[in-house]
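The values are calculated or read from the model by the stated rules, or taken from the named source; none is laboratory data. Bear in mind that the values here come from a model prediction, so they are computed numbers and not experimental data. Because the Cβ atoms are built from the backbone with ideal geometry, glycine has one as well, and the counts that use them run over all protein chains shown. Just so you know, the surface numbers come from the protein's heavy atoms only, side chains and all, with ligands and any DNA or RNA stripped out. Shrake-Rupley method; radii C 1.70, N 1.55, O 1.52, S 1.80 Å.
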Amino acid sequence: SPGGVQGPVPANRLCFLSLGPCIPPDWCEGQHISPVCGSLVTSLLGFSPQFEQSSLQAVHQQRREMLSSVCSRYTRKRRLLQPEDLRHLVVDDTHGLLYCYVPKVACTNWKRVMMVLTGQGKYQDPLEIPAHEAHVPSNLRTLAEYSVPEINSRLRSYLKFVFVREPLERLVSAYRNKFTLSYNTAFHKYYGTKIIRRHRREPSERALERGDDVRFEEFVYYLLDPRTQQEGPFNEHWERVHSLCHPCIIHYDVVGKYETLAEDANYILQLIGADTSVKFPASSKTTRTTDDMTAKFFQDISPFYQRRLFNLYKMDYLLFNYSIPSYLRIR
């Protein structure tokens, strides 16, 4: 059978067939393409040898090949996913699109765009949608909300994409957003107080009560503490991308990068034939976490803890072809 799934698959099991990129029939004007994908599909994504690839198509093919290569090298046993593993996959049934959102990788703007794409004209401009609205669960459907046959059908036939970011830069961005801004009191109360209680010597009563002054090194100790991992999965803001989006089980057609956000976003919108009026919002943030800023946060982290933290995020480095940061003292 396609993708190497042997024998009949029970109706309540999720099967993930290695069918490669698939585009639903209604994407191709008047041409019927079966959900198991024809040559027109592969040429759209740059697979077909008789078509000259654009440089962008070539970049995306290289990313897919790197992902596939690392997956085959490091994952020996493929587990079956459960529907609850698919809560990060946002569905657009109109355009045949699945987007795995990763916090701190432009996910607010991507959710805004998905609301425009799925809104039947309710929204025109992504930036008109308030940021908090983009994170209201009822505004977008995730793949976990569908039945198992519906899930398998969409995984086979929809264009699947994910956006990734340099892992430690993303981690520092999460720390800055959740622990240094005064309005994130829920994070301070739930995570901050626990981190301070466990990892600060002689904390003040105020710090234990409010949890609003967590230091970056304390956050690092928390991430590496065996108790943290025993308590369950990481919060999505610092969870590894491979744990959120399962890229060795789900075959992503496009792996976008935060470093090339605008061109990768436009590439996806063109691929799905989105209305030309739908534009991915241009970044105007002056507070964005940069590589230089990330380096400063690691100045006071010892090489021992730098190495352990890098190892924690190592699979994301390998899967998405990021280099070991030059500021780490782990060589």
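Report whether or not Gly273 is in a loop (DSSP other than H, G, I, E, B) and within 17 Å of Met114 (Cα to Cα).
Taking the combined requirement at face value, the residue satisfies it.
Here's a check for you: in the stretch 245-285, which residue that is surrounded by fewer than 20 Cβ atoms within 10 Å (Cβ to Cβ) and among the small types (Gly, Ala, Ser) is farthest from Tyr313 (Cα to Cα)?
Step by step, filter the stretch 245-285, then rank; the result is Ser277.
Quick check on Ser302: is it over 30 Å from Cys71 (Cβ atoms) and without any contact (Cβ under 8 Å) to a residue 60 or more places away in the chain?
yes
Taking the options Phe216, Phe234, name whichever one is open to solvent by less than 40 Å² (accessible area, probe 1.4 Å), within 24 Å of the chain's Cα centre (by Cα) and more than 26 Å from Val255 (Cβ to Cβ).
Phe216
Criterion first (over 15 Å from Ile268 (Cα atoms), under 19 Å from the mean Cα position of the chain (by Cα) and modelled with pLDDT of 95 or more) does Leu143 satisfy it?
The answer is yes for Leu143.
If you go through the stretch 60-79, how many residues are of a type in the set (Val, Ile, Thr) and in a helix (DSSP H, G or I)?
1
Criterion first (more than 29 Å from Ile196 (Cβ to Cβ), in contact with a Ser or Thr (Cβ under 9 Å, 6 or more places away or on another chain) and open to solvent by 30 Å² or more (accessible area, probe 1.4 Å)) does His242 satisfy it?
So His242 does not fit the description; no.
Is there any pair with a first residue in the stretch 204-231 that is in contact (Cβ under 8 Å) with a residue 60 or more places away in the chain and a second that is open to solvent by 70 Å² or more (accessible area, probe 1.4 Å) and part of a helix (DSSP H, G or I) whose Cβ atoms are under 8 Å apart and which are 6 or more apart or on different chains, and what are they?
Cβ pairs passing all conditions: Leu224/Arg308.
Can you go through Tyr252, Tyr267 and tell me which one is in a helix (DSSP H, G or I) and either at pLDDT below 95 or touching a helix residue (DSSP H, G or I) at 6+ places or on another chain (Cβ under 9 Å) (or both)?
Details: Tyr252 fails: in a helix (DSSP H, G or I).
Residue meeting the stated conditions: Tyr267.
From the set of residues in the stretch 314-325 that are touching a Lys or Arg at 6+ places or on another chain (Cβ under 8 Å) and under 14 Å from Tyr74 (Cβ atoms), which is surrounded by the fewest Cβ atoms within 10 Å (Cβ to Cβ)? I'd like the intermediate steps shown before the answer.
Step one: of the stretch 314-325, the residues touching a Lys or Arg at 6+ places or on another chain (Cβ under 8 Å) are 315-316, 320-321, 324.
Restricting the remaining residues to those that are under 14 Å from Tyr74 (Cβ atoms) gives 315-316, 320-321.
Details: Met315: 20, Asp316: 21, Phe320: 21, Asn321: 15.
Result: Asn321.
Taking the condition modelled with pLDDT of 95 or more, within 24 Å of Asp291 (Cα to Cα) and open to solvent by 60 Å² or more (accessible area, probe 1.4 Å), does Thr180 pass?
yes
Right, Arg210: at pLDDT 95 or above, open to solvent by 10 Å² or more (accessible area, probe 1.4 Å) and either closer than 22 Å to Tyr305 by Cα or small (Gly, Ala, Ser) (or both) or not?
When the stated conditions are applied, Arg210 does not pass them.
Residues that are in contact (Cβ under 8 Å) with a residue 40 or more places away in the chain and out of contact with any Leu (no Cβ under 6 Å at 6 or more places or on another chain): which helices (runs of 4 or more DSSP H) entirely in the stretch 80-194 hold 2 or more of them?
Once the helices (runs of 4 or more DSSP H) in the stretch 80-194 are filtered for at least 2 residues that are in contact (Cβ under 8 Å) with a residue 40 or more places away in the chain and out of contact with any Leu (no Cβ under 6 Å at 6 or more places or on another chain), what remains is 107-118, 148-157, 167-179.
I need every pair where a residue in the stretch 246-269 that is aromatic (Phe, Trp, Tyr) has its Cβ under 6 Å from the Cβ of a residue that is outside any loop (DSSP other than H, G, I, E, B) and open to solvent by 30 Å² or more (accessible area, probe 1.4 Å), sequence separation at least 6 or different chains.
Final answer for the pair search is Tyr267/Leu56.
Out of the residues in the stretch 72-92 that are of a type outside the set (Val, Ile, Thr) and surrounded by 14 or more Cβ atoms within 10 Å (Cβ to Cβ), state the one that is farthest from Val136 (Cα to Cα). Don't jump to the end; show me each part of the working.
Taking the stretch 72-92 as the starting set, the residues that turn out to be of a type outside the set (Val, Ile, Thr) are 72-74, 76-89, 92.
Right, trim to surrounded by 14 or more Cβ atoms within 10 Å (Cβ to Cβ) and you get 81, 83, 85-89, 92.
Working: Leu81: 25, Pro83: 20, Asp85: 19, Leu86: 17, Arg87: 13, His88: 13, Leu89: 15, Asp92: 16 Å.
Going through the qualifying residues, I end up with Leu81.
Please identify the pairs in which a residue from the stretch 59-71 that is of a type in the set (A, V, I, L, M, F, W, C) has its Cβ atom under 6 Å from the Cβ atom of a residue that is surrounded by fewer than 18 Cβ atoms within 10 Å (Cβ to Cβ), counting only partners at least 6 apart or on another chain.
Pairs found: Met66/Asn321; Val70/Leu318.
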